[in-house]
Structures are given as C-alpha cells and as structure tokens.
1. With springs only between Cα atoms under 10 Å, which of A183, A146, A82 fluctuates most in a Gaussian network model of the chain?
2. Give the carbon-plus-sulfur fraction of the accessible surface of the chain in %, rounded to a whole number; probe 1.4 Å, heavy atoms of protein chains only.
3. Could you work out the local net charge near A160, counting Lys and Arg as +1, Asp and Glu as -1, over the other residues with Cβ closer than 12 Å to its Cβ?
4. State the volume of the convex hull built on the alpha-carbon positions of the range 44-190, expressed per residue in Å³ and rounded to an integer.
5. If R268, R122 are ordered by their accessible area, calculated over protein heavy atoms with a 1.4 Å probe, which sequence runs from highest to lowest?
6. Once R0 is set to 35 Å, what does the formula 1/(1 + (r/R0)^6) return for the Cβ-Cβ distance between S156 and R88, expressed as a FRET efficiency to the nearest 0.05?
7. Going by average Cβ neighbours within 10 Å, how do the peptides 228-236, 214-222 rank, with the highest at the top?
8. Nearest 10 degrees is fine. How inclined is helix 155-166 to the longest principal axis of the chain, computing both from alpha carbons?
Amino acid sequence: MSAQQSDFWSPSHYSTHAAFVPVLTSNIVTLLDPKQDERIFDLGCGDGVLTQELVTRFGARVVGTDSSPAMIEAARAKAAAAGIDESRLRYDVVDGQRLEEDIGDSYKGPYDAVFSNAVIQRMKKDPEAVVRGVRQLLRPGGRFVAEFGGHLCVASVRSALIAAVGRRGKDGVELSPWFFPTADEYKTILERNGFEVESIGLFPRRLPLPADVGGWVDTFGAPLLKHFSEAEAAQIRHEVVEQLRPVLCDKNGKWVADCVRLRVRAIRKP
C-alpha cells in the first residue's frame with residue numbers, strides 16, 4: 001500500500017521541532033483507554049513513539065501507519081531496537097485519505113479502536129473520506145479517538161505564512177495544507193458517516209518550541225513551501241519569524257506555538 005504523495009517528512013526535523021506531539025498525550029490516551037490484546041489501528045503514527053507505548057505499556061496489538069516512508073522507517077527502527085515482536089506491532093505506509101480504496105486483506109478488521117494523534121489536520125483533501133475509512137476499519141461499537149489541530153490552531157503562524165505567500169503572487173489559503181475544523185463541523189462529519197459522538201471539544205495550548213518558529217515552518221509547512229524555490233522558501237521562513245517575533249517570543253528569547261487542539265471520542269454505529 002503506497003502513500004500516493006510526496007514525502008516531505010524528515011525524522012530528524014520531526015524529533016527536534018515536534019517532540020511535543022507524542023509527549024502531551026496523557027488526556028488522549030486516557031480517552032482511548034487501551035486494553036490488553038485489543039486491536040488498535042494508529043492512523044498517522046509518525047516516528048512511532050506513542051504507538052510503541054500502546055504496546056509496551058498497555059499490551060495492545062497495534063498496526064501503526066503513516067503516509068511518510070521516512071517516518072515509518074524510523075518507527076520500525078525504534079521497534080526493532082526495543083525488541084518488540086512483529087506479532088504485536090507492525091508498521092506500514094498508508095495514506096489516511098485513501099483508506100476506503102486501500103484497505104485490503106492486510107488491514108482487514110475489525111479493530112477495537114482507531115487512534116490518531118496530531119495528523120488529521122493534514123488531511124485537508126477529503127476529511128469525510130478519512131472518517132468513512134476509519135468506520136470501515138472498526139467493529140460495530142468500536143471507538144475512534146483522535147486529537148488534532150482545531151479551529152484557530154496556529155492562527156498567527158498560518159496568517160503570516162499566507163501573507164508571505166500572497167506577496168509572491170500565490171493563493172496562500174488554497175496552498176495551505178491544513179484542515180482546522182470547529183467542534184461542531186467535525187461532529188457533523190462524524191454523525192453523517194455513521195458515528196455517535198461521545199465527546200468533542202477544543203483545547204487551547206501555548207506550546208514551548210525548541211527554537212524559533214522557523215523550525216515549525218520547516219517541519220510542518222513543507223507541503224506549502226514546496227511551491228517555491230529554495231531561496232524563496234528561505235525568505236518566506238525569515239519573514240514569518242520576524243513578523244511573529246513580537247507575538248510568540250518572550251523577552252528571554254523563548255518561543256511558543258499558539259495551538260488549539262480538537263479532541264474527540266466517537267463510537268461506530270452498527
């Protein structure tokens with residue numbers, strides 16, 4: 001199963017500039033409530049840090065998937081170094097936006113849960129197809145637990161990027177790779193596609209960054225920056241950093257990201 005898209009992800013950049021993604025997960029893991037020997041499908045596992053925890057800490061049997069071959073390679077290396085048996089944890093390249101078309105015998109359910117952390121905001125092309133694919137994976141009564149960027153997430157960064165892109169004659173809104181729904185919008189999508197929503201809400205977070213916001217732009221904005229030459233991308237990065245310095249950087253030089261997370265737990269209807 002192939003991702004059917006370019007791989008913009010760098011495991012080294014991700015571990016440096018997005019280390020907060022698997023760390024700030026206590027609430028969503030509690031919401032998932034994984035059990036011994038449950039079958040869990042991790043949609044958008046990244047480098048596998050949290051996926052591996054579902055196996056080693058809770059005893060679940062997990063399939064970890066991501067659209068990035070580089071990230072899957074990094075996840076497999078972590079699992080091998082930890083000596084985790086492939087019967088309990090496997091990783092594959094899967095495009096979450098093509099679940100309906102690509103789910104075959106290798107991923108035949110039913111799964112007890114589909115879990116997703118910090119990835120659905122990058123599935124802008126067809127969010128409803130993602131939900132339909134998740135439903136196809138789950139048993140009736142199975143749960144879908146996800147946390148991802150919600151309405152107004154990184155609003156200042158996104159506005160600065162869109163403005164910088166616009167100054168170069170391109171439509172920054174159209175090129176933006178992110179899907180940041182309100183809670184009501186995403187609840188409607190879920191209910192329209194065979195789910196009962198048990199809980200959903202937006203949670204603002206100001207997350208400390210390991211460097212300036214340019215690292216965030218390089219890591220998460222790569223699908224947008226691909227439309228520009230290397231020199232233009234560097235200029236855009238510089239402009240965003242300088243525009244946001246008074247907003248997201250304190251007097252000690254410490255940067256934060258103005259995140260808003262949407263957290264949801266929904267049950268697949270029969």
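1. A82
2. Carbon-and-sulfur percentage of accessible area, whole number: 49.
3. +1
4. Taking only Cα atoms, the range 44-190 has a hull volume of 131 Å³ per residue.
5. R122, R268
6. In this case the efficiency is close to 0.25.
7. 214-222, 228-236
8. With rounding to tens, the tilt is 60 degrees.
The values are calculated or read from the model by the stated rules, or taken from the named source; none is laboratory data. The structure presented is a predicted model; accordingly, all values stated were derived computationally and were not measured. Glycine also receives a Cβ, built like all others from the backbone with ideal geometry; neighbour counts cover every protein chain displayed. Just the protein is used for accessible areas: all its heavy atoms, side chains included, with ligands, DNA and RNA removed. Shrake-Rupley method; radii C 1.70, N 1.55, O 1.52, S 1.80 Å.
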